Amino acid sequence: MKRKVDKKLISVVCNRTLALFILMFVTSVMCRLQAQTQEKECDIRLNAVVSSSANLSNDGRGTYYTGKDWVGVWLNPSRWPNQSFHICMNWPFGAFPECDSATKQGPTGTRDTRTLLHRMINPVRKGEGKSLGLFTGPGGGNDIALSRPLTSTINSFTDMAIGSSLSPQSAEVRFCNSDCSEYYGLLFGDSLTFGKGTVWGDPRINGAGSTRPIVTRTSESTWTIIFSPGTVGRLWNRTPEISTSELYYYEGSLEIKKQ
């Protein structure tokens, strides 16, 4: 005897099977997209235009391009996971893995041909501090970094809404004298942006009395970092066995763009 087929039951089973298939497919796509998004959130290559006449200024050779003449300008560098931004004049390409290492581009040009200029000529306490003149590098000891997370609610530059501005929890500018026999750290905000170490990560170093720069997201792919007039940094001579500090005014800007 033939059994009577329940068309309604078959329809329900088919619909549930189809719904389960769609759910699994959507979940798979979302996981792949999330993985791709996370991959793009570190070692984002940038170009930078630096102010031409301020305490922070460029070297007169135009835009700084990541990978050209060993310059590195990054958002969320995997080398420093506690930094949201880093510009370095002699980046150690290939010395450590990057999250996009499968497609990363090696450096071109000549090492140590670019620099950032830092004029430490405006002490806040005129009677105590003194003008230290112009610092130009060398390249490996000349960089600028901003903290990650940027604030208690914003993790990185890519999390900022277009048109919004904020002040990061901390920023740090590092440079040497002409032969790097003395090296300095200019701190803005409360904490260091570099990891532990005998000099750069010294927990005794602080930014007491300083103010902070302003970051603005101007488009999907561009931002500005501005040390506006009146910005104060605490400058530390971080040469071993010296560790002295003084407050200085520091003005200048960087315009950064994704490559």
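Around the amide H of residue 239, modelled in the peptide plane, lie the amide H atoms of 183, all under 5 Å away and 5 or more residues distant in sequence or on another chain. How high is the FRET efficiency between residue 218 and residue 191 when r is their beta carbon distance and R₀ equals 25 Å, given to the nearest 0.05? About 0.40, to the nearest 0.05. Using the Cβ-Cβ distance between residue 180 and residue 111 with R0 set to 22 Å, the FRET efficiency works out to roughly 0.90. Inter-label distance, residue 78 to residue 151: 3.0 nm, where each label sits 7 Å from its Cα along the C-beta direction. Listed peptides 53-61, 244-252 appear in the order 244-252, 53-61 once ranked by packing, highest mean of other Cβ atoms within 10 Å at the front.
The separation of the stretch 80-145 from the stretch 212-259, counted between C-alpha centres, amounts to 12 Å. Across the stretch 77-199, the volume of the C-alpha convex hull divided among the residues equals 161 Å³ per residue.
Karplus-derived 3J(HN,Hα) values for the stretch 224-235, using 6.51 cos²θ - 1.76 cosθ + 1.60 with θ = phi - 60°, are 10, 10, 10, 9, 6, x, x, 5, 10, x, 9, 8 Hz; glycine and proline are entered as x. Computed packing ranks the peptides 206-213, 80-87 as 80-87, 206-213, most packed first, by mean other Cβ atoms within 10 Å. Electrostatic bookkeeping for residue 93 treats Lys and Arg as +1 and Asp and Glu as -1; over the other residues with beta carbon under 12 Å from its beta carbon, the sum is +2.
Over all other residues within a Cβ to Cβ distance under 12 Å of residue 175, the charged ones net out to 0, with Lys and Arg as +1 and Asp and Glu as -1.
Sequence-ordered 3J(HN,Hα) estimates for the stretch 160-172 from the Karplus curve with 6.51, -1.76 and 1.60 and θ = phi - 60° stand at 6, 6, 4, x, 8, 9, 7, 10, x, 4, 7, 9, 9 Hz, glycine and proline given as x. In this structure, residue 228 and residue 63 have a Cβ-Cβ separation that, at R0 = 25 Å, corresponds to a calculated FRET efficiency of about 0.70.
Where a number appears in this text, it was derived from the coordinates with a stated rule and is not lab data. Everything numeric here is computed off the predicted structure, so don't read it as measured data. Methodologically, a virtual Cβ is constructed for each residue, glycine included, from the backbone with ideal geometry; neighbour enumeration extends over all protein chains shown.
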